[in-house]
Every structure is written in C-alpha cells, then in structure tokens.
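S.K.: Can you keep this structure in mind? I'll have questions shortly.
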Amino acid sequence: MSMSIAPRWHRSAWKVSALAVCLFLAVLTVAGAPGTGPWAEAAGLPPAFSRAVAEEVIGAMVDAVVRGDKAAFLAQVDPAAATSDNLSEFSEENQKVFSLGIQWQVTGVTTDPPQATVLLAGVGWSQRSLISFTSSRGRWVIQDSRPAPAVPESDYQLDVTLHPEEQTIEVAGSYTFDLDYPVASLGLVVSGRLKFTNLSVDGRDLLADFPTTTINGAAVVPLAADEAGRRTVTFRSAGSIAEPDNHGRYLSYIGPEGVFVPQASWYPRLSMSSPGTRATARVTFHVPAGWSVACVGKEESAVDGPSGRTVTFLTDSVDAIGFTAGPYRRLTSEGPVPVSVLTLPANGGNPNKVLAMIHDVLRVEQELLGPYPFPTLTSAEEPENTGSCYAVPGLLIMAPQSGGGVYDKFIAHELAHQWLCFQVQPAGSEGKWWLVEGLANYVAALYFEKKQGPEGLRATLGRLADQYRTTKEKSSEAEPNLLVPKSSSLLAEAVIYYKGAWVFHQLRLFMGDGAFFSLLKGVVSRYSGKQMDLNDFLAMVTEKGGPDATEFLKTWLTKVGPLDVTLEDVKQGRSADGNYETTFRLVGCGDLPAPPTPVRIDYYGGALRTVVRPGIPFTAATPGVVWRMEVDPDHEVWDVDRKNNLLVLHLQPRIRLVILLGGVAALILVAASLALRRWRRETST
C-alpha cells in the first residue's frame, strides 16, 4: 500500500506521528542542502536536475540518520523546514525506523517542473511520494511533498500457465497506462524471483536495465517516457514462486498438491500505481485436467481440453490479483452473497461445515461493519498446509480445516479484511498493521461475543493474551510499541495481532459500546474505496469519542510498559437513609492508562456490578455491608497482576456460620477423645 508523507509541520498531532515525520524528512531531503554536494557551483545556479542529484542527496541523508548525526541530517534539509521544532525527536524516533532497514529508489523524475517520485520501503511497508523542487543558493531544495499521483492503468491481459510438477509458473501479458505529463524516468515493479524473456514499453526493450537489487522482494526497472500519452507494457516471464518469508513460512507456493499465490508481485506493476487501483483485467489460467481455480474477480469461463483446463476471470482489482488452484471439490450456495467453498479431498475437510461457518461469520460481520463489499465470496484451501491464511478481494486462502472452534476464528479474521484492508485501504507506516491485523483479530473476537455471549469474548481475548505472553517469554528483544512494522520480528507480530486486539477492547471500554460500534461502521462508511492512515483513524476516534478518547488511545499505541489495576482508599460507613456506603478509588499503576473498569461488589444479601473510572473516588450504596470486592471480574482489562484484584473486607455470614459450627464440632471431638481415654484407663485397672 502507498502512503502519504506530505509535510505537516504546523500540526500538533505530529507528536503521535513521529515515524510519519521521519519518513517525510526522508523524502524531504531529496533536494539537497546549502553548501553540500559535488555539484556545487560558484555561480550560485544549480546544475540540471537529475536522478543522480536526487540519489546522492538521499544517500547522504540515510547515512546521517544511520550514524545518528543530526547536524549532517539537517544539512540535507531546506533551512526553512529545518527550523521546525518537529525535528526535536530526530535521534530517537528516526533511528528506530532506519534501524529496521530502509531501502529506497528514485522511481520517477521530471525536469519541467523539477520533480522526483521516491519509493521508500522497510520491513512490511512501502511508500511513494512526489517531491517538487526549487533552486536556492546554488542547490536544489525541497518545495513541496505530497502523495505520488497514480498513473491510470487499463486493459490488463494476463495469461498464466502453471507447471505444478516442475514447480514453475509462466506469465505473459500486457496492459496500458496513460501519462498526463512527460516523465524522464519511472519504474516497473516486478518480482525478483521470475526470469523475464520479454519486458518492453511500446516495443522499447527494458531487459538491459533490469536491476540486480530488490525492494521488499521486487525490482524497479527504470522506464523513460519523454512524452505524455498512452503506453503499452508487454512482458513474458517464468520461474518459481515458492517464496518463504523471513520466518520460514511460505508466502506463495506451487507444487503437485496445488498452488496458492496471495501476493501480487508475479506480474509487473507501475511504481506510480496506487493501492485500490481499479482497472479491468482479464486473467486466463492454464491448469492440469481436473483442477479448479479461485481468483480475485468473477469466473467468466472454464473450458476443458486435451491438455488440461483453461479458466478465465474478470476483475477490476489489479493491485491484488491473488489466486489458488488445485484438484478442488467445489460447494456453492446462492443468496445475496454467493459463497463457494473449495476443499482438497486429500485434506479430509468438511465443506458443508466450512460453508455454514462462513455464512455465520458473514452475517455477524455485516452487522458490525456494513454490507459485504464484493459480489461473491470464495474460500479455498491452500495446498502446502503451511498453517497460514490469507485474504485478497473476494477470496480467502485458508489453511486446511483443523476443527470447528479454531477454523471459524481464522475465517472471522480473514473475512474482516474484506472491509478492513480492501474496502478501506490502509495507508501510512505508523500503526498501519495494527489497524489491519489488530482490528481484524478484534472483529473476530466480536464475532465470538455475538455467537457465544460475554464468555465467547472472554475466551477469545484470553487466548490472544496467552499467545502474546508465550511469544514474549521466548523473545530476548525489547518489546516494540504498536507503531512497529508488521514483520520486523515474531514479537512485533505478537504485539500487533494479539496485544493490538486488546487495545481495541480497551478503547471500547473507554468510549462505551455505542460510540465504539459507531466508530467501526463510520470508518468503513467514510473511507470506503479510499485510503485511511492512523491520523485519519484518530480523527474518527475524536469525532465519536472526544479528545480524551484519542489521547487515551495514543498512549496505548506509543507506550509499552505494564498496567496494574487495583483498589485504594476503601472506606465503609452508613448513610443518612440507613444504607451502607463503601467509598474507594480505582487506580491504574504503570505506563498505560486504565480504562473505565468493571467492579463486582458483594454485600450481605446480594451483589452489584458497576463500571468505575480510574482515579476518581466512587461511592457504592448497598442495603447490606460490603464484604467482598473484585476488580475486572471478567478479565476485560489488560492487567498484568490479577492477584491484587480481589479484596475481602468481611467474612460472608454463611462462611462465619460454617467456621463457628466447625469450631464447635472440633471442641466436641476433643472432649469425646479425652473422655474415651479416661474410660479406657479406668476399665484397664
């Protein structure tokens, strides 16, 4: 997904967006700085703007950040921008980001006006920005930074031949794009794993410029377009797509068991295209006889021939054409949303059970998020049994069925992405993956709450907390906050997926159910078909829950420390009307703020439950003396120490009666024992 890094020097919200500022500064320095650079000229006029100028300045900036040299960093920044106090957190925040590994390329340059399109990428994210330049004191300096405009694409024709036994894929095709202005150079993003035998634009061969380095597994091939107008890309490639990630899990796979490709790097895309690009694409697959294909979009035809089967799909989601293929059994149900389930007989799954689960989850998530955003829904098993599940528009690529209670959790998570990844497209770098994966996990927890009541929510959140603690205990690294990129480490993923879901529940406790569920539907409604970054989401939180809710959430996103909730200053007395009064304060200890927390109060003759805001004295009026109090009885708060959540003030009457009767019984037994001994002595003499 592309991300905006436009300057926001005047906004106080920057303090919760230090990473976004870092990325902005990264592209800000493309222009160079006064007094530096080999192209300095005594005449005070800058040299011709070029890719080399941009690349050298960016390289100097990256080196300065890696070394933690603030002076060298500021030397690359326009002095007018460098006066901002937003640079005060340079050392801590910027180095955090760059330490994860930053890659960058200038993918587009224009000379009139002087502009450069810059691709920045780190672990689990990438970002494109358009930088405008002006001359100042003999150097090129930044004038403006904004999201790179998308280049309109159309008429995709993809022809895919699968060779499962050889574990290879062949892809041939073409598409067009329209340039509104001349571009001295831009780029085609292609897989670094496939070997291209043809890659050209309007017949101009690009293979000679194919790079040896990649960004996030993709290569950027430079492309010149000296005139505005329509261009046609043609290509042919072949190779393996079996690609494990840095944890050894396969991101895509091809073999005799089947094929799954949830990623979109198997066909070339323009570096200036944007997430959510809508352009008609016809994708034709050639697969072995007896195989079926599930792909993004609608199946147009399926024809059996002597050498296998040919299946064609139509789609308008060209930035995420994922697919899976294999010897599937298909089960389809009609309705407002037609649902198909594809299972592999070798896995022994129950397609009827999976179909019922999908309908159940779909019903609940539509209640939570709004109408399902695509015309059909297909779930297909991935053949390698990696244990991973993926979502692309209209398609769930699922691990083989492994039991009802676990499997519907996977379905609920991946189905939530149809709204919270594809209908609403994530942007930015800070908090992006928390909004995608943490929220999908919490929506899955809400499904179990709808299905099983409070106990379903409690069990799901408890399981997530256990997974987080297990991962943290095995890790030797320091825990990151929730702004971290997704795949930087297993602990980072645990923070995003597991603790991240809990943070949404803490926000719900703070806002209240009405405002929180209005927030979920409001996000989907307002940003349907659009990009949403963390600042957009925070603005929605302010709108629905007020500025206090936003500040509460910001702390949870940026702080790592623990939270311990307990009771203090407990006092008991009588009121004028004869009722008993118990006054206390709920206190949250640690770096994280406590949300309004449920408290159970047991008194002689009954019990009551109430929600208490931390730090504010609270008085509970009861008809009987309070004998027991329990903080967070249903384990809804992210509390590190629950041993101090229970406070016993008095023994309950029935317990006192049991103790009294037990004491009397003990005295009787002692007396009987003494009498028996005396009788034995007397009879023995």
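The values are calculated or read from the model by the stated rules, or taken from the named source; none is laboratory data. Here the structure is a predicted model, which is why all the values come from computation and not from measurement. A quick note on method: Cβ atoms are made from the backbone with ideal geometry, for glycine too, and the neighbour counts reach across all protein chains shown. The protein model used for the area step is the full one, side chains on, heavy atoms only, and it has no ligands, DNA or RNA in it. Shrake-Rupley method; radii C 1.70, N 1.55, O 1.52, S 1.80 Å.
S.K.: Of (1) within 22 Å of Phe510 (Cβ to Cβ); (2) open to solvent by 70 Å² or more (accessible area, probe 1.4 Å), Gln572 satisfies all except one. Which?
M.R.: Answer for Gln572: the failing condition is (1).
S.K.: Looking at (1) modelled with pLDDT of 90 or more; (2) open to solvent by 10 Å² or more (accessible area, probe 1.4 Å), find the lone condition where Val524 falls short.
M.R.: Of the numbered conditions (1) modelled with pLDDT of 90 or more; (2) open to solvent by 10 Å² or more (accessible area, probe 1.4 Å), the odd one out for Val524 is (2).
S.K.: Right, here's the next one. Please go through (1) more than 24 Å from Lys554 (Cα to Cα); (2) in contact with a Pro (Cβ under 9 Å, 6 or more places away or on another chain) for Leu491 and return the number of the only condition it doesn't satisfy.
M.R.: Just one mismatch for Leu491, condition (1).
S.K.: Got a number for residues in the range 426-441 being of a type outside the set (D, E, K, R) and under 15 Å from Phe410 (Cβ atoms)?
M.R.: 2
S.K.: Consider His635 carefully, then state whether it is in contact (Cβ under 8 Å) with a residue 60 or more places away in the chain, under 52 Å from the mean Cα position of the chain (by Cα) and assigned to a loop (DSSP other than H, G, I, E, B).
M.R.: Criteria met by His635.
S.K.: Can you confirm whether Arg278 is at pLDDT 90 or above, surrounded by fewer than 22 Cβ atoms within 10 Å (Cβ to Cβ) and not acidic (Asp, Glu)?
M.R.: Answer is no for this residue.
S.K.: Determine which member of the set Pro383, Pro373 is under 23 Å from Gln263 (Cβ atoms), buried (at least 24 other Cβ atoms within 10 Å of the Cβ) and not aliphatic (A, V, I, L, M).
M.R.: Pro383
S.K.: Kindly provide the set of residues from the range 214-237 that are at pLDDT below 70 and under 13 Å from Val189 (Cβ atoms), ordered by number.
M.R.: Thr214, Ile215, Asn216, Gly217, Ala218, Ala219, Val220, Val221, Pro222, Leu223
S.K.: Considering only residues that are more than 19 Å from Ile616 (Cα to Cα) and either in a strand (DSSP E or B) or free of Cβ contacts under 8 Å to residues at least 40 places away in the same chain (or both), look in the range 575-599 and name the one that is least open to solvent (accessible area, probe 1.4 Å).
M.R.: Here the residue is Gly578.
S.K.: State whether the residues of the range 545-552 include one that is modelled with pLDDT of 95 or more and charged (D, E, K, R).
M.R.: Yes, the range 545-552 has at least one match.
S.K.: I need the full set of residues from the range 398-445 which are modelled with pLDDT under 90 and part of a strand (DSSP E or B), in order please.
M.R.: Correct list: Met398, Gln425, Pro426.
S.K.: Specify which of the listed residues (Asp304, Asp316) is within 24 Å of Asp178 (Cα to Cα), in contact (Cβ under 8 Å) with a residue 12 or more places away in the chain and open to solvent by 20 Å² or more (accessible area, probe 1.4 Å).
M.R.: Testing whether each residue is within 24 Å of Asp178 (Cα to Cα), in contact (Cβ under 8 Å) with a residue 12 or more places away in the chain and open to solvent by 20 Å² or more (accessible area, probe 1.4 Å) leaves just Asp316.
S.K.: Can I ask one more? Identify, from the list Thr558, Thr583, Thr622, Thr610, the residue that is within 20 Å of Trp434 (Cα to Cα), at pLDDT 90 or above and hydroxyl-bearing (Ser, Thr, Tyr).
M.R.: Thr558
S.K.: Something else: Against the definition (surrounded by 17 or more Cβ atoms within 10 Å (Cβ to Cβ), at pLDDT 95 or above, assigned to a helix (DSSP H, G or I) and over 18 Å from the mean Cα position of the chain (by Cα)), how does Phe448 come out, yes or no?
M.R.: yes
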